[in-house]
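The values are calculated or read from the model by the stated rules, or taken from the named source; none is laboratory data. Remember, predicted model here, so these are calculated numbers, not experimental data. Ideal geometry is used to build each Cβ from the backbone, glycine not excepted, and the neighbour counts take in all protein chains shown. With ligands, DNA and RNA removed, areas are computed over all heavy atoms of the protein, side chains included. Shrake-Rupley method; radii C 1.70, N 1.55, O 1.52, S 1.80 Å.
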Amino acid sequence: MPAADPAVAGRGAAEEDLRALFGQSTAVFASLTGPAHVVETANRAFFDTIGQERVRTGVALVDVMPELADQGFIALLDQVYGTGEAYIGRDVRVVLGSGPQAREAFFDVSYEPRRDADGTVTGIRVLGVETTQVKHAQRLMTEHRALLEQIARQAPLTEVLDGMARCIENLAPQEVLVSVLLADPDGRHLRHGAAPSLPGFYNEAIDGIATGEGVGSCGTAAHRREPVIVTDITTDPFWDDFRELAGRAGLAACWSTPILARDGGLLGTFAMYHRTPRVPQESDLALTRVFAGTAALAIERHHIEQAKTAAEARARAAHDELARVLRVERELRAEAEQRAVASAELAARMRAAAAAQAALPHPEHCQLGDKPGCTAPAEIKIADSWGDSAWGCTAHVEEAILNVRSVFIASEELGGLAAYLNR
């Protein structure tokens, strides 16, 4: 029996060491053999990553993960196998699975060629560390910073909320449809805020829904002031009144979180809808908390700006009213001053007329009083354009001059038209 080749035995032991080293590691490890890249062995993390339902060895990697072919990974393995040159990639994006179960992931990965005793490449060792959470956290921080900058520059609330909804939909590892509803000032109804991916008929139908126990996920969350997780709309009693509507919109799950002000007041609700029944993961809940807080900041800032605008409008209205009052006051004062001057002139004329007419024959009492008659002495004679004349006291004479047109103080020579005709 020939002696074992020490080099081959050493390489075999090294493979065993690698299997042992990465067997319980969170790093993804797989050993591929031959030009077809047959999965010879892989650790638990590898199969957890691609899905336990696909646990198979002894078959080509492309048969285990057919989605890799269209993403260029099989061609990259062919390159490493053919050239014998290792490949190292950072934050390599890969879509794992297909259809509704597909998810985006990122890896720091290395493909190392395996060689036999002659140095011929016989396979590839794949080692990867998933960086999806780090990548998503970086994207989250970038998107979150952009939202905060929008809020700081007082962008319209609808623009901020719409951008936030789209950001979450892009960041979520699985398909999600985001909705933000805004509370009325009395907190009794919820109005449409943003929902860029929900059907228009659905948004119109729930615009103005009441807050209350059992009113869907959002109405109940707003009423309770706490998150409401509905994992299956088709069976949950909260959705009895909206089940047919949700079915038409293709919605199967809804997780709603109240958006609360710093004083605990209701600002609205933040909801994540799903096409299939789903239970939230901790990462989903963390994402919800982050953006519910951001939405609260945006809505409170909007309310502050609204209150400021309303206060400025009231101040402008008060200023305009004050200016109008002052203008009217000046006009009244000027008119009063004119009246005072005219009254003084009239009084002077009446005094002069009374003195000039004192020696003329005239009735004893004023002829201008009411029916009972004025008992004041007659002092001044007045006339009008039609030749009518009368004697009166100073008070009634002034009243007549101010209120009856064409009345004037009569001179001694004035006899009226009758005197002219009878001359």
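Observations on the structure shown:
- Residue satisfying all of: in the stretch 99-132; out of contact with any helix residue (DSSP H, G or I) (no Cβ under 9 Å at 6 or more places or on another chain) and among the acidic types (Asp, Glu); farthest from ARG301 (Cα to Cα) among these: ASP118
- Qualifying position, being touching a Pro at 6+ places or on another chain (Cβ under 9 Å) and not in a loop (DSSP other than H, G, I, E, B), among ASP108, ASP91, ASP78: ASP78
- Residue identified as at pLDDT below 85, over 50 Å from the mean Cα position of the chain (by Cα) and either in a helix (DSSP H, G or I) or surrounded by 17 or more Cβ atoms within 10 Å (Cβ to Cβ) (or both) among GLU16, GLU40: GLU16
- For the stretch 372-403, the candidate set comprises residues that are in a helix (DSSP H, G or I) and open to solvent by 70 Å² or more (accessible area, probe 1.4 Å); within that set, the residue that is farthest from ALA356 (Cα to Cα) is ASN403.
Quick grid of which residues meet (1) over 17 Å from GLU399 (Cα atoms); (2) open to solvent by less than 50 Å² (accessible area, probe 1.4 Å):
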| site | (1), (2) |
| --- | --- |
| ALA307 | yes, no |
| ARG314 | yes, no |
| ALA323 | yes, yes |
| LEU332 | yes, no |
| VAL341 | no, no |
| MET350 | no, yes |
| ALA359 | yes, no |
| HIS362 | yes, no |
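- Count - residues of the stretch 111-132 that are not hydrophobic (A, V, I, L, M, F, W, C) and not in a strand (DSSP E or B): 6
- If you go through the stretch 269-289 and pick out every residue that is of a type outside the set (Asp, Glu) and under 20 Å from VAL134 (Cα atoms), you end up with 8.
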